[in-house]
1. In segment 13-57, which residue that is among the aromatic types (F, W, Y) and out of contact with any His (no Cβ under 8 Å at 6 or more places or on another chain) is nearest to G76 (Cα to Cα)?
2. Run A147 past the list (1) assigned to a loop (DSSP other than H, G, I, E, B); (2) at pLDDT below 95 and report the number of the one that doesn't hold.
3. Could you please find all residues in segment 70-116 being more than 30 Å from G153 (Cβ to Cβ), free of Cβ contacts under 8 Å to residues at least 60 places away in the same chain and crowded, with 17+ Cβ neighbours inside 10 Å?
4. Restricting the search to segment 78-107, which residues are at pLDDT 95 or above and of a type in the set (G, A, S)?
5. Starting from residues that are of a type in the set (D, E, K, R) and loosely packed, with under 13 Cβ neighbours inside 10 Å, keep the ones in segment 13-58 and report whichever is farthest from L151 (Cα to Cα).
6. Looking at V135, is it assigned to a helix (DSSP H, G or I) and touching a Ser or Thr at 6+ places or on another chain (Cβ under 7 Å)?
7. If you check G120 against the conditions, is it loosely packed, with under 13 Cβ neighbours inside 10 Å, modelled with pLDDT of 95 or more and closer than 16 Å to V86 by Cβ?
8. Looking at G145, G76, which one is small (G, A, S) and either in contact with a Pro (Cβ under 8 Å, 6 or more places away or on another chain) or over 19 Å from N20 (Cβ atoms) (or both)?
Amino acid sequence: MIAAASFRPNLHQVGFVLANAGRPWATTEGLRVSKAAIAETNELFGATPHVDDAGDAFRHAYAAGTLKLAYMAGHGASAELADRLVTKLGEAHERDGTGGTELSHLMDEHNNVAGLAAVGDARTGSGAWMQPGDVRGSILDALRGGALVKLSGDALAPTGPADVPADRTG
């Protein structure tokens, strides 16, 4: 059950819940993963607010990749269904978001998709399900390799090696 205090009802997110009434786990996992992504970002990049920077890019990609893994490994969703659900939930979140520019929302949506791509089929080379550390490493690799974007002035710019925290190798 979703705790009322942890759910901020917004039109598009409520639409996601209603459209997936037969998959209540889609929403509860989304709430759990959102909190985990914030904690992971704060651990890696510090607890300062991350808005449109590399930490924000990481958080969105990490949340998307972790949620895909949760849907597949925990609930038997196919990669295609997991990608579709994560994308729809991310779009609903961006549509309901308060503040932020159109460019900021485009950045977040790009990084959500990049997070899905970074985890692929959510399996390791041996065929086992990825673990959170595997997802983190894949997202840090994407951050380092420029697959994620951040806001630079009034444009989106690819991330790079300098955006990965110095004590993190992925």
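1. F16
2. (2)
3. Within segment 70-116, the first condition is being more than 30 Å from G153 (Cβ to Cβ), and the residues that meet it are 70-85, 88.
After this cut, where a residue has to be free of Cβ contacts under 8 Å to residues at least 60 places away in the same chain as well, the list is 70-84.
The answer is A70, Y71, M72, A77, A82, D83.
4. Correct list: S78, A79, A82.
5. K35
6. Taking the combined requirement at face value, the residue satisfies it.
7. Yes; evaluated as a whole, the condition is true for this residue.
8. Exactly one of G145, G76 is small (G, A, S) and either in contact with a Pro (Cβ under 8 Å, 6 or more places away or on another chain) or over 19 Å from N20 (Cβ atoms) (or both), namely G145.
The values are calculated or read from the model by the stated rules, or taken from the named source; none is laboratory data. This structure is a prediction, so every number in the text was calculated from the model and none was measured. Please note: Cβ atoms are built from the backbone with ideal geometry, for glycine as well, and neighbour counts cover all protein chains shown.
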